[in-house]
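Asks: Can you read through this structure? Questions will come right after.
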Amino acid sequence: MRLSAGTKFRCVDLEGKQCGDLFAFAAADVDEYASAEHTRAFNARLFPRIGEPFVTNRRRPILTFVEDGSPGHHDMLMAACDPTRYQLLGVKGWHASCQENLQRVMAGLGFDGVDVPQPINVFMHVPIGEDGTLDWAPGFTKPGDSITLRAELDCYVVLTACAQDILPINDRNPTSMAIDVETP
């Protein structure tokens, strides 16, 4: 969906234990997008906190984290799932993925072939071991848990409900998510 700068919106886990991949692209040029790696450097932290911006690959704030009505786990380390990922996990044939969902939505908005940046993985719990290993743990969200963000640039925002049903991040049971736009 296209949002104007200053618009607040909520990402909502409708049924609980669901994570989602959040993407934002500058409306003026979709080659500029929310970048997890640039955001980590900008904020000097691995994971987002209230009041901090998510910046683009051109280091401009595109979203600000306004409120967290969830247990507070949001990942900025994991890439979006894609067909190759599922193939490596042993899936034979097609499997839904966040990469394909993003590409389909952006194509529907008139943008074929967009880059697929590393997403902001809302509600995704990725524990980091003392030795630096990463784990995919089930989420802690309950139905209706949400986060609120504010668009800092005119942008396109896409939230994909992660389709992962092999690893435990969605309790192996993908469900729905929603974006609620706040009216001024």
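Asks: Give, in nm to one decimal, the length gained when the segment between Thr133 and Ala44 is fully stretched (0.36 nm per residue of separation minus the Cα-Cα distance).
Replies: Taking Thr133 through Ala44 to full extension adds about 30.0 nm, to one decimal.
Asks: Determine the shape class of region 128-184: with a ≥ b ≥ c the square roots of the Cα gyration tensor eigenvalues, call it rounded for a/c under 1.5, and otherwise prolate if a/b is greater than b/c, oblate otherwise.
Replies: prolate
Asks: Could you check how much of the accessible area of the chain is carbon and sulfur, as a whole percent, using a 1.4 Å probe?
Replies: Roughly 49 percent of what the probe reaches on the chain is carbon or sulfur.
Asks: Can I ask one more? Using the Cβ atoms and a cut-off under 14 Å, what net charge is assigned to the surroundings of Leu77, where Lys and Arg are +1 and Asp and Glu are -1?
Replies: Its environment carries a net charge of -2.
Asks: Okay, next question. Quick one: how many Å² of Tyr156 are accessible to a 1.4 Å probe, rounded to 10?
Replies: We get 30 Å² for Tyr156.
Asks: List the equivalent ellipsoid semi-axes of the chain in whole Å, largest first, each obtained as the square root of 5λ for an eigenvalue λ of the Cα gyration tensor.
Replies: Each semi-axis is √(5λ); the values are 23, 19, 17 Å.
Asks: Okay, moving on. For Leu63, which sequence-distant residues (separation of 5 or more, or a different chain) have an amide H within less than 5 Å of its own amide H, given hydrogens modelled in the peptide plane?
Replies: Hits under the 5 Å cutoff: Phe54, Glu152.
Asks: Taking amide H positions as placed in the peptide plane 1.01 Å from N, state which residues far from Asn57 in sequence (5 or more) or on other chains have amide H under 5 Å from it.
Replies: Answer set, sorted by chain and number: Tyr33, Ser35.
Asks: Length gain on complete extension for the stretch Phe140 to Ile166, per 0.36 nm per residue less the alpha carbon to alpha carbon distance?
Replies: Contour length minus Cα-Cα distance gives 7.6 nm.
Asks: Same structure, new question: Between region 30-55 and region 81-117, what is the separation of their alpha carbon centroids in Å?
Replies: Their Cα centres are 22 Å away from one another.
Asks: What do you get for Rg/Rh over region 1-89 if you use C-alpha atoms and the Kirkwood form of Rh?
Replies: Rg/Rh for region 1-89 comes to 0.97.
Asks: Counting Lys and Arg as +1 and Asp and Glu as -1, what is the net charge of the other residues whose Cβ lies under 13 Å from the Cβ of Val116?
Replies: My count for the surroundings of Val116 gives -4.
Asks: Along the Cα→Cβ direction, 7 angstrom out, place labels at Asp180 and Met1. What is the inter-label distance in nm?
Replies: Those two pseudo-labels are separated by 1.1 nm.
Asks: Report, in deg cm²/dmol and to the nearest 500, the calculated mean residue ellipticity at 222 nm for the chain, where each DSSP H run with n ≥ 4 adds -39500 (n - 2.57) and the sum is divided by the residue count.
Replies: Rounded to the nearest 500, the figure is -3500 deg cm²/dmol.
Asks: In whole Hz and in residue order, list the ³J(HN,Hα) couplings for region 131-148 that follow from phi through the Karplus curve 6.51 cos²θ - 1.76 cosθ + 1.60, θ = phi - 60°; x for Gly and Pro.
Replies: So the J values, rounded to whole Hz, are 8, x, 6, 10, 10, 10, 9, x, x, 10, 5, 10, x, x, 4, 8, 10, 10.
Asks: Here's a follow-up. Averaged per residue, what accessible surface does the chain expose to a 1.4 Å probe, in Å²?
Replies: 47 Å²
The values are calculated or read from the model by the stated rules, or taken from the named source; none is laboratory data. Note that the structure is a prediction, hence the values are computed from the model and not measured. Counting neighbours? That spans all protein chains shown, and the Cβs are built from the backbone with ideal geometry, glycine included. Each accessible area value is taken on the protein alone, full model and side chains, heavy atoms only, with ligands, DNA and RNA left out. Shrake-Rupley method; radii C 1.70, N 1.55, O 1.52, S 1.80 Å.
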